[in-house]
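Beneath this line is the structure, given in structure tokens, with notes to follow.
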Number of protein chains: 2
Amino acid sequence: MTTIRDVAKLAGVAPITVSRAINNSDYVSIGTRVRVEKAIDELGYIPNELGVSLRSKQTMTLAVVITDITNPFWTTVTRGIEDVAQANNYSTILCNTDESEDKQEQYLQMLLRRRIDGILLVPASNNPAPIKLIKKQNVPVVLMDRQVPDVDVDVVRSDTEEGAYLITTHLLSLGHQEIAMLAGPQSVSTSVDRVNGYRRALRDAGLPKSAENIFLGEFTQETGYTMAELMLVKDSSRITALVAANNFIAIGAMQLLSEKKVRVPEDVAIVTVDDLPPALTITPFFTVATQSALEMGKQATQLLLDRVSGKTDIPCQEIILPVEMIIRASSGEKLSP
Amino acid sequence: MTTIRDVAKLAGVAPITVSRAINNSDYVSIGTRVRVEKAIDELGYIPNELGVSLRSKQTMTLAVVITDITNPFWTTVTRGIEDVAQANNYSTILCNTDESEDKQEQYLQMLLRRRIDGILLVPASNNPAPIKLIKKQNVPVVLMDRQVPDVDVDVVRSDTEEGAYLITTHLLSLGHQEIAMLAGPQSVSTSVDRVNGYRRALRDAGLPKSAENIFLGEFTQETGYTMAELMLVKDSSRITALVAANNFIAIGAMQLLSEKKVRVPEDVAIVTVDDLPPALTITPFFTVATQSALEMGKQATQLLLDRVSGKTDIPCQEIILPVEMIIRASSGEKLSP
DNA sequence: GCATATCATGTTACGCGTACCATAATAGCA
DNA sequence: TGCTATTATGGTACGCGTAACATGATATGC
């Protein structure tokens with residue numbers, strides 16, 4: 001592999017002169033510049049960023065740590081991140097934790113060793129230790145989507161409690177009284193928030209606490225399926241609608257209902273938080289509370305870049321993005337009284 | 001940021017001794033080891049990989065350059081890559097080119113500057129120049145999914161020509177005579193292969209060349225929609241089935257047909273290459289020729305790691321993975337004669 | 001004609017971890 | 001007892017690009 005010294009030798013100049021020619025960082029005569037460029041071409045020289053980073057103490061790289069790369073929601077967030085990062089000459093490293101704390105820990109260690117300039121993190125759990133570790137190393141970090149207790153840190157998230165509230169209220173307004181909630185893990189703040197939004201909606205509708213029907217699972221199609229199964233067994237005669245805590249849970253539940261010949265929305269109405277992107281759905285079907293994934297990625301990255309470029313004095317922020325309800329077929333018509 | 005020298009000073013030893021204690025690379029007495037570990041803990045020392053990489057001339061990083069991060073097919077390939085890479089202590093950098101040659105060029109430059117150890121590339125076009133550039137830098141590269149002419153390089157791909165042949169033949173066996181092909185860009189080998197498979201099937205069925213109905217677009221839902229629209233305009237009365245070159249095209253076509261009240265499969269049957277993952281579909285509907293995305297990722301990574309670890313003498317390989325046809329509702333029943 | 005600004009290039013050293021070589025103490029063995 | 005092997009630790013230099021400082025040449029200003 002050729003180095004800047006090889007180029008310098010061939011061009012008959014000092015290495016620093018080559019460096020200046022490449023980076024336009026100082027005066028270089030036209031003649032020298034031409035000779036240097038010729039030498040670079042001839043040798044196929046590509047500068048070694050490792051040397052640059054070691055010296056400059058910055059890698060121009062942001063890390064993106066998400067929990068599920070197969071969920072279109074996260075890939076869209078990633079797009080937003082990439083757009084803003086690229087526009088600011090930063091590259092991104094994408095890491096997928098599969099909601100595993102162990103994997104997250106491993107990735108964070110790796111990222112800190114590589115001296116990435118900042119981290120966009122979707123925490124796999126509500127354990128503050130990993131975030132404290134990052135902060136101890138003075139590496140800027142912005143959480144996305146989920147809060148974590150006991151740590152002062154920037155967060156960009158959606159008003160997911162409100163989202164769950166909106167779609168639950170929508171079901172109530174259609175006349176449903178027995179509404180199940182198929183939730184995600186309770187170690188994740190968004191899941192807790194969505195349960196809370198569901199609860200608040202029931203409370204505001206004057207329903208007693210006993211009206212709550214909450215099932216706890218993961219943010220996956222598999223547990224969506226299982227929870228729907230449990231739901232049918234437990235309260236087959238009564239439940240007329242369900243709130244899914246995310247898109248995968250909704251799909252899993254839908255699969256089970258379809259297998260059991262339970263009609264949606266005639267027998268059981270479904271609403272969910274998180275939409276599916278148009279490229280993956282033939283006809284949008286679910287009534288959803290959508291969040292702008294792209295916007296989440298963009299805002300989080302902008303905030304992170306502010307921190308990276310030294311704005312460490314301003315206190316930690318919590319940016320809460322609005323949600324929007326889109327009413328579609330899955331929630332059905334108004335029930336006859 | 002603390003360095004190995006800080007740790008050494010605190011532990012009262014030489015930096016190299018700390019290095020040895022960390023890496024277990026040489027003799028270190030128990031007493032010293034304990035003191036070093038205490039110092040590391042106290043200072044929260046995390047080794048700087050940049051120094052290590054600069055010295056060892058390897059970054060333990062593989063680059064993954066894919067063309068569409070929102071397509072589940074590629075995220076699944078990425079999973080396979082990550083599995084194998086991780087098992088071999090390699091990290092991955094994921095780059096998304098959006099099928100753009102420019103973006104690809106930019107990413108490759110960045111990756112080469114970072115001295116990543118190898119590249120898994122889904123080429124955005126059939127231009128051999130970028131691959132030649134990589135090879136000139138002696139960086140191992142394995143192409144995935146797509147071939148590129150005029151360059152000697154390892155490739156792992158599916159037998160996609162056969163896939164298109166199988167599903168087209170399936171349509172023919174159901175009695176269809178007028179079958180359209182909604183293809184991808186002709187600058188991509190898989191797209192060409194799929195058209196060829198379609199053609200071979202028609203030929204083998206004894207149909208004349210005039211029976212071919214080929215529409216060229218992109219691998220996107222948008223152009224799938226547009227091509228289906230063109231198809232209806234052009235041959236509304238005759239075409240009874242269509243072959244989509246990938247899953248997104250199939251979805252786009254399906255959307256158009258559904259809007260135009262054209263029933264699938266009763267009026268027009270649809271088959272496609274590339275399945276959608278179960279987590280994203282409520283009921284699998286499309287008859288497909290599937291390839292194992294996970295397997296593609298794994299095999300490509302294994303091959304790349306072989307090259308990275310010095311197996312450069314064996315000639316370039318082309319690994320062709322088998323495809324499998326899964327018959328579902330979208331292709332419909334046998335036509336009455 | 002001399003001081004100062006501008007232009008052009010070079011030397012040295014640094015960032016951080018470790019390969020290589022050197023040193024020294026102890027242990028094992030003939 | 002003398003000699004080699006094992007254990008333990010350190011010094012120096014290197015990988016690669018560039019910051020900081022230095023030097024010299026030419027141009028500008030008075």
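What the table shows:
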| read-out | value |
| --- | --- |
| For segment B:4-47: relative contact order, % (alpha-carbon pairs under 8 angstrom, 6 or more apart) | 42 |
| Acute angle (nearest 10 degrees) that the helix B:160-173 long axis makes with the longest principal axis of chain B, alpha-carbon atoms | 30 |
| Stretch gain in nm, segment residue A:136-residue A:204, where the contour uses 0.36 nm per residue and the Cα spacing is subtracted | 20.2 nm |
| Aspartates and glutamates whose Cα lies under 13 Å from that of residue B:103, excluding same-chain neighbours fewer than 8 positions away | A:82, A:83, B:68 |
| With every protein chain in place, chain A: carbon and sulfur % of accessible area (1.4 Å) | 52 |
| Nearest-first distances (nm) between copies at residue B:178, label 7 Å from Cα via Cβ | 5.3 |
| Debye, to nearest 20: dipole size of segment A:4-47, +1 on Lys, Arg Cβ, -1 on Asp, Glu Cβ | 120 |
| Test item: Cα-centred dipole of chain B, Lys/Arg +1 and Asp/Glu -1 on Cβ, debye | 940 |
| Relative contact order (%) - chain B, alpha-carbon pairs under 8 angstrom, separation at least six | 17 |
| Estimated FRET transfer efficiency (residue B:335, residue A:106; beta-carbon r; R0 56 Å; 0.05) | 0.50 |
| Solvent accessible area, Å² - residue A:6, 1.4 Å probe, full protein context | 60 |
| Label zone at residue A:178, where the point sits 7 Å out along the Cα-to-Cβ direction: segment A:207-244 residues whose backbone N lies under 11 Å | A:232-241 |
| Net length gained if the chain between residue B:187 and residue B:9 were fully extended (0.36 nm per residue, minus Cα distance) | 58.1 nm |
| Helix B:247-259 axis, angle to chain B major axis (alpha carbon atoms, nearest 10°) | 40 |
| Angle in degrees between helix B:189-204 and the longest Cα principal axis of chain B, rounded to the nearest 10 | 30 |
| Antiparallel DSSP beta bridges within the protein assembly as shown, as percent of all bridges there, nearest 5 | 10 |
| Positive-pole candidate from B:143, B:109, B:72, dipole of segment B:57-172, charges at beta carbon | B:109 |
| Accessible-area ranking of A:334, A:260, largest first, probe 1.4 Å | A:334, A:260 |
| Net length gained if the chain between residue A:222 and residue A:267 were fully extended (0.36 nm per residue, minus Cα distance) | 14.0 nm |
| Anisotropy class of the protein assembly as shown from Cα gyration tensor, a/c 1.5 cut | oblate |
| Estimated buried accessible area (total), pair B and A, 1.4 Å, Å² to nearest 100 | 5100 |
| Per the axis that maps chain A onto chain B, nearest residue of A (Cβ criterion) and its distance in Å | A:94, 2 |
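The values are calculated or read from the model by the stated rules, or taken from the named source; none is laboratory data. All values derive from a computational prediction rather than experimental measurement. So basically every Cβ, Gly included, is an ideal-geometry build from the backbone, and we count neighbours across all protein chains shown. Quick note on the areas: whole protein, heavy atoms, side chains included, nothing else; ligands and nucleic acids left out. Shrake-Rupley method; radii C 1.70, N 1.55, O 1.52, S 1.80 Å.
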